[in-house]
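Everything on this sheet refers to the single structure shown next.
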Protein chains: 4
Amino acid sequence: MTLTNGYEQSDREEQLHILNLPSLEAAAKKIIPTGGFGYIYGGAEDEWTLKANTQAFNHVQIVPRALANIDHPDLSTEIFGLHLDTPVMMAPAAAQGLAHAKGEVDTAKGVAAVGGLMAQSTYSSTSIADTAAAGDGAPQFFQLYMSKDWTFNASLLDEAKRAGVKAIILTVDATVDGYREEDIVNNFQFPIPMANLEKFANGDGKGQGIGEIYAAAAQKISPDDVRRIADYTDLPVIVKGIQSPADALRAIGAGAAGIYVSNHGGRQLNGGPASFDVLADIAKAVNHQVPIIFDSGVRRGSHVFKALAAGADLVALARPVIYGLALGGAQGVQSVFEALDHELAITMQLAGTKTIEDVKHAPLTHFRYDD
Amino acid sequence: MTLTNGYEQSDREEQLHILNLPSLEAAAKKIIPTGGFGYIYGGAEDEWTLKANTQAFNHVQIVPRALANIDHPDLSTEIFGLHLDTPVMMAPAAAQGLAHAKGEVDTAKGVAAVGGLMAQSTYSSTSIADTAAAGDGAPQFFQLYMSKDWTFNASLLDEAKRAGVKAIILTVDATVDGYREEDIVNNFQFPIPMANLEKFANGDGKGQGIGEIYAAAAQKISPDDVRRIADYTDLPVIVKGIQSPADALRAIGAGAAGIYVSNHGGRQLNGGPASFDVLADIAKAVNHQVPIIFDSGVRRGSHVFKALAAGADLVALARPVIYGLALGGAQGVQSVFEALDHELAITMQLAGTKTIEDVKHAPLTHFRYDD
Amino acid sequence: MTLTNGYEQSDREEQLHILNLPSLEAAAKKIIPTGGFGYIYGGAEDEWTLKANTQAFNHVQIVPRALANIDHPDLSTEIFGLHLDTPVMMAPAAAQGLAHAKGEVDTAKGVAAVGGLMAQSTYSSTSIADTAAAGDGAPQFFQLYMSKDWTFNASLLDEAKRAGVKAIILTVDATVDGYREEDIVNNFQFPIPMANLEKFANGDGKGQGIGEIYAAAAQKISPDDVRRIADYTDLPVIVKGIQSPADALRAIGAGAAGIYVSNHGGRQLNGGPASFDVLADIAKAVNHQVPIIFDSGVRRGSHVFKALAAGADLVALARPVIYGLALGGAQGVQSVFEALDHELAITMQLAGTKTIEDVKHAPLTHFRYDD
Amino acid sequence: MTLTNGYEQSDREEQLHILNLPSLEAAAKKIIPTGGFGYIYGGAEDEWTLKANTQAFNHVQIVPRALANIDHPDLSTEIFGLHLDTPVMMAPAAAQGLAHAKGEVDTAKGVAAVGGLMAQSTYSSTSIADTAAAGDGAPQFFQLYMSKDWTFNASLLDEAKRAGVKAIILTVDATVDGYREEDIVNNFQFPIPMANLEKFANGDGKGQGIGEIYAAAAQKISPDDVRRIADYTDLPVIVKGIQSPADALRAIGAGAAGIYVSNHGGRQLNGGPASFDVLADIAKAVNHQVPIIFDSGVRRGSHVFKALAAGADLVALARPVIYGLALGGAQGVQSVFEALDHELAITMQLAGTKTIEDVKHAPLTHFRYDD
C-alpha cells in the first residue's frame, strides 16, 4: 500500500483468478478508498441509464449457428490499420491512480500484454509519455477533454503525437460534469494530481472535485472542433459520446474518422437510452463509412459478442479493468482482459463464428420477455 | 417546533443540502406528525397510479445532441405573459401548515426566491392575502376547489383578484375525495384551520377529514363553470386534472386559457394512466392553442426535461417542496427548487439544449426494456 | 367458535372496518384453520394464472372524463330482468362452512343486505332451501357441478327451482380438480358435510378431498348438456368458465342465456390467460347477444370498473367475501360488498360516469409499462 | 450411501411424494455433494439463458376449450415408430453417478416403468449395455458427443447398435464446454469414471474437469457428420442443439431424421434465446418433415402442454429427473415422471384435449404482461 497525500493506493502486482468481471466490483471496493471507489463506480442522477446499459444486452439474443464446422476462434482484428489480438480495448478513463499507485502505466502494460488497444485520458494520473512508454510499442489512442484554452489542447496533442498515439478520441458528452451523487455524498476531491494538468495547466487537479476540473474544459464543442483537431494533429479523430444516428452522421461530416458510441458509462446524461440500445441504428446509419467503437455496460463475453454483432468494430470498457488494476496492477489488468477474451472465445465457438468478421455478421434476434 | 391544537409544526428556517428530491421523503417523515405526513404522502386505493407516475418517465429516453456548441443553459421562460426564471412551478397543494408553522407563506417566499411561480390552494393554511404578500411581487396563481355555494367561490375569486393573482386554476379531478388509505389508517382530521374556509365558510376545516371538506365542494363541474369563472374574474382559467386529449379540447372549447395535465399526484382516481404517459397525446391535440402545465410524479431534472420535451410548458410538483418546507421553511423550499433546477441545467447542457424552447423541441426516443 | 367434527368454525357476527379487500386475507388466515384456509386461498400448479388474474387489471387504464357534470353515481343495474343495487355479485363458491359455522346462510344474508345477487354452489355447506330462505326474497342463482348421475342433477335442479332461483350457472371449467398444492400440502379433506350431497348423493363429502368430490362429477360436459339443463329447468342457463370468444359463441349456440367469463380464480387450469385479459375479446364476440358475468382476481373498485368497461354486465368475486364471512358472518359479508361498492362509487364519480351503463361505455386505454 | 473415490453417492431406492418438480432441487442439494450438485445444477456465464428457459413458458397461454366432451386424457404417443405411454422423455445427461450409485441404470429402470423413452449420454456413468439392459425392452436412444477420434465414435455407435438403441442423438451445441461458474467455484473434477470412456478411450474421465473431457471431443462438427453417422449406423440421427429455423432445415438437408430443439439447459451458449421462445418458429419451418424433440426449462405439466402445442412431438428434461434419482433411485425417477404426467393429464383435461395429437393442435395465445 502506498500513501499519497493521505490517500491509500494499492500497489499489488499479481495475476488474478477471475470468476467473472461483475465480481471484481465487491473485491475492489475493499481496497480502494471510499471516495476513489465512489468516483469510479458512480453514475449520474438516479443511475437509470447506468443500470440500463448492462441490462440492455438482454434485449437481443445470439442466434447460434450449429454444424458450423469451426474450431479455435480467432479474436484478432484490424482497425485504423492496426492489428489487435482482441476486439476488446481499454476505454479512456480518468485518474487511475485512484485505484493503483502505478495508475495508467500499469494499465498500459496489462493491455499490451494481451495485444489490446489502450486509450489514455486527458485526466490520467500518469503522463502521456510514461503511459506510452509502458505500452512498449503496443498501440495507444489519446482521449482529449477539450479545454477552453487552446494552448493547453495544443500542448496535449503535441505531446500525444510525440508519444506516438495512433488516434485522438474527442469526448463530446462531458461538456459539464454529470450529477454524480456518489461524489457528492463523499465530498470527493481528487487526492492525487493529474499528470497532464500538472504539466500544462495552472492547477494539477489535486484537491479539486470533478466539477472544478470540468469547469476548465470546454462546454461549447462544435463540429468545427473535430476538424480543427484533425487538421492540427493529422491523426484520425474519433468522436466519443455519440448516441444517435443523426449525430454520428454530423460527426462524420465534420471529419470524424471514427464514431465512439458511448454514454460515458451512465456517468453524464441520465435519462438517455442504454448505449447498446442505440448501437444498431447508429451502425446502420454510419454504414461502414468509418469504424465504430462501443462502450457502456460491457461485462461479459456475450456482451462483447452482441455489441460486435450489432455493429461495433471495437468494444471498450473501463470500470472492471480499473478494479483489476487495483487488485493486481498490470497483471490484474491483463487478467481482466484475458477473462473477458476467454468468455468471448467460448461464445464465438458456441455461436459458430470463427473470426471477429464472422461475429460482425452474426444474426441477433429479439424475443419478448415480459413476465 | 410549534404546537398548534396539539399538532407539532416544524418551524425550521434553514438552507438544505439536498442530494436529491426523493431522499427528502424519509427526512421529512421524521419531523412531520404521522397524520400530516400520511395526508401529504398518500395516494388513492392501491397506489398503482401514484407509483406509475414516476416510473413512467422511464418509458422514454432523451436523445442527446452532441457537438451542439452550447454552454450555460438558460432556464427562464415566458408563459401567460409572465417571465419566470425556471420552468418548474409550485403546484397548488392544500394545508401546508401540516408541514410547517408558516405554511404557504414560507412556500411563497421560497418560490419567489428562485423566480418561480406559486399556486395557492383553496385549502391553504394561510390566507390568500398573506401568501400573496409573502411572494413579494412574484407571480402567483390561485387554485379553486369550487364550492356548491357560489357566494363562497365568488368571495375567494374576489380575494384572489385583489391579491393580484395572474390566473385561476380550476381543479376538476376532485369532485369527491380519492380513496386514500393513509388517511383512513391514521383516522386523519385536519388539526389546523384552513384560512379561506375560516374567512368565508361556515367551518374552518379543523377537526374535519378530507372527505368532509370535499363534501362542501361541488361534485358537479361542467364546462359552463369554466366560462363562468373566466367571465367573473376576467382572468385566464386553467383547467387542472385533464388526462385525455378529448377533455383538453372540451376544456378549451369551454374557455380554458390553459390545460393542466395532472392526476392529482395519484391522490384521486386510481387505475388511470400515469400522467406523463398521457402528456404527449394531449399536447398534440392541444397543438399550442393554450399553454400546458404538467404535474404528477416529477422528482428529477431529467423528469422535468422529459415533460417539457413531451409537450409541457411548465412543470409543477408539490410533495418534495412540502418536505423541503418542513425541513427548512422558506429556505428549504428554495433549496428544493434550486436542487431540481441544478439537475435540469445539467441535463439541458448534456442534452445539447440551451433554452427551454430548445428543450421543448428536443427529441425523445423509446426503447423496449423488458428484461 | 364452533367445533364441528374437530374443525373450528368461526361464529363471529359483526360489522367490519375494511381498509381494503386484499387486507382481509391475512386477518382471515388467523381464524380459519390451516386446511380450510388453504382450500379457499390456493390456486393451481405454480399459481401463475392466479397471480396474473389480479395483475392483469393494470394492463389497461381508466380514461377519466372531466367536466362531466355528474354527482352521486348510481350503482344499480338490471340483468336477467332483475334489479340489483350493485353490479358486484357473490360468485358461487363451495363449502363456506370452512369459514363460518353459518356458511352460505350468512353469505346470503349479507348479499341481500346490499341488494346484490347471490349464487349458491352445488357444494354448499348449507342446503339450497336454507340459503334461499336466508336471502329473504333477494335474487339468487344456483350453480351446478354436473354429476355423472343425472338423477342427482335433476334433484338439485328441482330443489333449486322450488327455492326460486332465477338462473342456473353451469360450471364447465372443472371437469377434474385443478392441481392445488395447498390441499396436497395440508392433506386436506372436507371436515364438514356438503348439504346437497348429504341430501341427494351417497356420500356427504365429509372426509373426502376435493379430488374425490370431483370424481363423482361429470368429466365430459358437452353443448348438449347446456340445452338439456335449460329444457329441464326452463330457467336461463349461464355457462361459467369461458375463456375464449369461440367457446362463448359455442355456448350461446348451445342455448346459453349468459356467459360467465372466469378461470375459476386460478384454481383449475394453470397456464391459461388472466381472466381479465380475455374479457374484452369475448365481449366483442358476444356482442350483447346475452349478458356477461366476469370473475377472477377482482379486489378493488377500480377492478370492477375496468371489468364493466371491458364488457362485463356483472362482476363477481368470492375469496374476499369468504374472508369477510369468517371475520364477521353476515355483517362481515355485507361489509365486504359495501367496501367494494364504496371504492367503485368513488371511481365512478372521479371517472365521470354516473351509471353502470355509463361505465360500460367508458373508454379504457393502454400504455406500455416496461421498466 | 456409497463412497466412491471419496465421493458420497446416494443409494436410496424409494418412491417419492413429489409436490412439484421445482421443489426437488432443494431436497437433492442436501444429499448430492457440492461439486456434483453444482455440475448438475449450473448454467453458463450469468445464467440469463438458463433462467429465461423456464420463464419463457409464461410468454404464451393455453386457450382452454370448454364443453369439449372429453374425459380420461390419453398421454400415449407414437414417434419414430415407437409407442410411448408419455410424451415426456429423459434427456441425455452425463454422469448420473454423481447423483446416485446406480447412475443411468436406475434412471433407465424408472423411465421404463412409466413407459417412457430413455436417452443415454456418451458420458454416462454406466455402460451402454448395462443401461440398455436395465430398460428391460423399453426403447432407448444413444446420444453421441463426437470425438476427434472416429474410432472412438465408431466403437460407441457399434456398442449402441448392439444394445438395440432406436436412434442416435448427435449433440452439436457443445463443441466446447460452456462457461459454467459453478464448476469453477467448486474446482469440479469428475470423481467417478465414465463407463464409455473407460471402455473405449485412453482416460476414463475420472479426475478431469468437463473442459478436459470436451477437449477430446470434436470441436468441428459439420453437416457431413450427420450423414456419416446415419450411413454408419443405419439408424435415425437426431440433431440436438438446434435453435433456429435455418439450422433445422440445414440439419434435415444433411440427413437428420429428427430435430432436437435445445440450448443444453442453458449450460452451453449463454445469451441465446430461451429454448421455448424459438420452438414455434422452428416447428413452422420444419413443417412435419421430421419429428421434433424439445428440452430446456421444462418443470411443469403446463410447460409440457405448451411445448407440444408450440410444435414439439416429444418433450425432454433432465435436472429434475436426476434430482429424483438422487432422492429415490429408480423409484424416484419413476415418481418424477409420474408427477409430471399427472400435472399434464390435468392440464389436458382442463384444456379440453383428449390426446397428445389434440394437444399438438391446441391454440396458444399471447397477452402482454408488463406491470
ask   = Buried accessible area for the B:A pair, summed, 1.4 Å probe, in Å² rounded to 100?
value = 3300
note = Those residues in the range B:232-246 that give up at least 20 Å² of accessible surface, probe 1.4 Å, once the partner protein chains are present instead of the chain by itself are B:Q243, B:S244
query = To the nearest 10 square angstrom, what accessible area does B:K220 show with a 1.4 Å probe?
reply = 100
Inter-part distance where the range A:24-92 and the range D:283-346 are each reduced to a Cα centre, Å = 37
request  = Output, in nm with one decimal and in ascending order, the distances from the A:A154 label point to the matching label points of the other copies (7 Å from Cα along Cα-to-Cβ).
outcome  = 7.8, 7.8, 11.0
key: Mean Cβ neighbour count within 10 Å, used as a protection proxy, ranking C:196-207, A:32-43 highest first   = A:32-43, C:196-207
task = Using just the helices of chain C, give the 222 nm mean residue ellipticity in deg cm²/dmol: DSSP H runs with n ≥ 4 each add -39,500 (n - 2.57), and the total is spread over all residues, rounded to 500.
result = -12000 deg cm²/dmol
Shape category assigned to the range A:168-214 from the gyration tensor of Cα positions, a/c cut at 1.5 = oblate
task = Scan the range D:1-44 for GluC sites (Glu not before Pro) in coil per DSSP, keeping those whose Cβ has at most 12 other Cβ atoms within 10 Å, and list them by number.
result = D:E14
request  = Only counting protein heavy atoms at a 1.4 Å probe, give the residues of the range B:61-90, ordered by number, whose accessible area falls by 30 Å² or more when the other protein chains are present relative to the chain alone.
outcome  = B:Q61, B:I62, B:P64, B:R65, B:A66, B:L67, B:N69, B:D71
inquiry  = Could you work out the relative contact order of chain D? I mean the mean sequence separation of Cα pairs under 8 Å and 6+ apart, divided by the number of residues, in percent.
reply    = 29
Contour minus Cα-Cα distance for C:Y232 and C:W150 (0.36 nm per residue) = 28.4 nm
ask   = Which semi-axes, in whole Å and largest first, does the equivalent ellipsoid of the range C:91-148 have when worked out from the alpha carbon gyration tensor as the square roots of 5 times its eigenvalues?
value = 17, 13, 9
inquiry  = With a 1.4 Å probe and all protein chains left in place, how much of the accessible area of chain B comes from carbon and sulfur atoms, in whole percent?
reply    = 48
query = What is the log10 of I(q)/I(0) for the range D:263-315, computed with the Debye formula using one identical point scatterer on each Cα and no solvent, at q = 0.21, 0.24, 0.26 Å⁻¹?
reply = -0.74, -0.93, -1.04
task = Send over the semi-axes of the range A:287-332's equivalent ellipsoid, whole angstrom and largest first, taken as the square roots of 5 times the C-alpha gyration tensor eigenvalues.
result = 25, 11, 7
task = Kindly state, as a whole number, the per residue volume in cubic angstrom of the convex hull around the alpha carbon atoms of chain C.
result = 128
ask   = Roughly what would the spin-label model give for B:E212 and B:K161, points 7 Å off Cα along C-beta, in nm?
value = 3.3
Largest-first ordering by accessible area, 1.4 Å probe, given options A:S296, B:S23 = B:S23, A:S296
query = Where the label is 7 Å out from Cα toward Cβ, how close does B:E357 come to the same position in every other copy, in nm, shortest first?
reply = 5.3, 5.3, 7.5
ask   = So if R0 is 45 Å, what FRET efficiency would B:T2 and A:H366 give, r being the distance between their Cβ atoms, rounded to the nearest 0.05?
value = 0.15
inquiry  = Given the whole protein assembly as supplied and a 1.4 Å probe, what does the accessible area of D:L16 come to in Å², nearest 10?
reply    = 30
request  = Roll a 1.4 Å probe over the protein chains and send me the accessible area per residue for the range C:1-160 in Å².
outcome  = 34
message = Compute the angle between helix D:104-113 and the longest alpha-carbon principal axis of chain D, please, reported from 0 to 90 degrees and rounded to the nearest 10.
response = 30
message = Compute the orientation-averaged projected area for the range C:67-164 from the convex hull of its Cα atoms and round it to one decimal in nm².
response = 8.0
Cα pair distances exceeding 28 angstrom across the range B:1-153, given as percent = 34
query = Under the definition of partner shielding as Cβ atoms of other protein chains within 10 Å of a residue Cβ, what is the mean value for peptide D:172-183?
reply = 4
task = Would you kindly calculate the translational diffusion coefficient of the range D:247-344, applying Stokes-Einstein with the Kirkwood radius from alpha carbon pairs, for 20 °C and a viscosity of 1.002 mPa s, and quote it in µm² s⁻¹ without decimals?
result = 150
Accessible surface ranking that places the most exposed of B:I242, B:I70 first, with a 1.4 angstrom probe = B:I70, B:I242
key: 7 Å along Cα→Cβ, label-point gaps from A:R227 to other copies, nm, shortest first   = 6.0, 6.0, 8.5
ask   = Using heavy-atom solvent-accessible surface (probe 1.4 Å) with all chains present, what is the largest-first order of C:E78, C:E182?
value = C:E78, C:E182
key: For the protein assembly as shown, the spread of Cα positions along each principal axis, largest first, Å   = 94, 94, 48
request  = Round to the nearest 10 and report in Å² the accessible area of A:L24, as given by a 1.4 Å probe over the protein chains' heavy atoms.
outcome  = 10
key: Percent of Cα pairs exceeding the 23 Å cut-off, where the set is the range A:145-239   = 29
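The values are calculated or read from the model by the stated rules, or taken from the named source; none is laboratory data. Quantities reported herein were computed from a predicted structural model and do not represent experimental measurements. Quick reminder, even Gly has a Cβ in these numbers, built from the backbone with ideal geometry, and neighbours come from all protein chains shown. Note: areas computed on protein heavy atoms with side chains; ligands, DNA, RNA excluded. Shrake-Rupley method; radii C 1.70, N 1.55, O 1.52, S 1.80 Å.
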